[in-house]
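The values are calculated or read from the model by the stated rules, or taken from the named source; none is laboratory data. Just so we're clear, the structure is a prediction, and the values are computed from it rather than from any experiment. Protein only, heavy atoms only, side chains kept; ligands, DNA and RNA dropped before computing areas. Shrake-Rupley method; radii C 1.70, N 1.55, O 1.52, S 1.80 Å.
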Amino acid sequence: MPPDHTAYIETLAHVNCGQCDEYWGLSDITRDDLTGTEWSCPHCGHKRPMGEFVRGDGE
Ligand SMILES: [Zn+2]
């Protein structure tokens, strides 16, 4: 039998900068990894911790 495909489910955090509102993504990351540290926006360099965790549908 020919070999099956393999699948890997990636967790992706969608981040919007609090300063410039540009978007970037952080893959393979948990909520715990995201909290308790500061992150620099790759667009404008704004460095802040993550604030709210919002739902993907914008609610
Ligand atoms: Zn920014």
Any idea what log10 I(q)/I(0) is at q = 0.20, 0.30 Å⁻¹ for the chain, Debye with uniform C-alpha scatterers and no solvent?
-0.80, -1.43
Largest to smallest accessible area among 5, 14 [probe 1.4 Å]
5, 14
In what order, largest first, do 38, 52 sit by accessible area if the probe radius is 1.4 Å?
52, 38
Arrange the residues 6, 35 by how much accessible surface each exposes, largest first, with a 1.4 angstrom probe.
6, 35
